[in-house]
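Data block below; observations after.
The values are calculated or read from the model by the stated rules, or taken from the named source; none is laboratory data. All values derive from a computational prediction rather than experimental measurement. Note: ideal-geometry Cβ built from the backbone for every residue, glycine included; neighbour counts use all protein chains shown. Ligands, DNA and RNA are excluded from the accessible area calculation, which covers all protein heavy atoms including side chains. Shrake-Rupley method; radii C 1.70, N 1.55, O 1.52, S 1.80 Å.
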Amino acid sequence: QTTLGLDLQFLTNHIGHFILVTGVLDLLGDAGRVVMLSSGAHHMAPEAGIELDNLDGQRDYSPWKMYGQSKLANLLFANELQRRLTAAGSTLKSLSAQPGWADTDAGMHSGRKWGDVSWRASCRAIGQPADVASLSITYAAAADDVVGGGYYGPDRFFGMRGLPEPARAGRAATDQALMTANWVAAEHHTGVRYDV
């Protein structure tokens, strides 16, 4: 838990994006785009989406569940930002991408020997090199044919490996009530307000 009363994963993965984008949005111009880094792990969020009353993780804490919620929050933020940009008549694009299973040391600091061993074994069995995993994010940031509100990720092995293509996000990612609630919660916790 942090001084904002939020779980550190949620703060880093979502709230950090929310604050950063406010600082750069006006600099991007109408031809720019914002790409949120999400993950297929957003499917691990609870069925209701995000437990907005438990963002400190004090109730039934699970690191993977909180990670999934933070990545769902990225999708919700990107989609709500796109909705607001469109309503404001802006041609700026807001979209999301996920790298699949990247073979990196990101999960090697669990504090548990078997957790680290399991991560390394999974990376070797399922993961793809980081330079290949980064292609979906690069595609979302630079390709001419991406659309605002789009979601892009690897094309093989349930979105964990391969080359970029449009991906399918979970239903909760486009739930308008959840998009709004997620936005309002981020404003509440940060004091940040967007002009769009």
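Can you tell me which residue within the stretch 87-126, out of those that are hydroxyl-bearing (S, T, Y) and modelled with pLDDT of 95 or more, is surrounded by the most Cβ atoms within 10 Å (Cβ to Cβ)? The qualifying residue surrounded by the most Cβ atoms within 10 Å (Cβ to Cβ) is S96. For the subset of the stretch 127-178 comprising residues that are touching a helix residue (DSSP H, G or I) at 6+ places or on another chain (Cβ under 7 Å) and more than 19 Å from M44 (Cβ to Cβ), which member is modelled with the lowest pLDDT? So the residue we want is L163. Selection of the stretch 131-159 for residues being open to solvent by 50 Å² or more (accessible area, probe 1.4 Å), outside any helix (DSSP H, G or I) and aliphatic (A, V, I, L, M) yields only V147.
Condition check: in a loop (DSSP other than H, G, I, E, B), among the hydrophobic types (A, V, I, L, M, F, W, C) and open to solvent by less than 70 Å² (accessible area, probe 1.4 Å). Does A169 satisfy that? Yes. Applying the condition of being open to solvent by less than 30 Å² (accessible area, probe 1.4 Å) and closer than 19 Å to S136 by Cβ to the stretch 41-63 and asking which residue is modelled with the lowest pLDDT yields A41.
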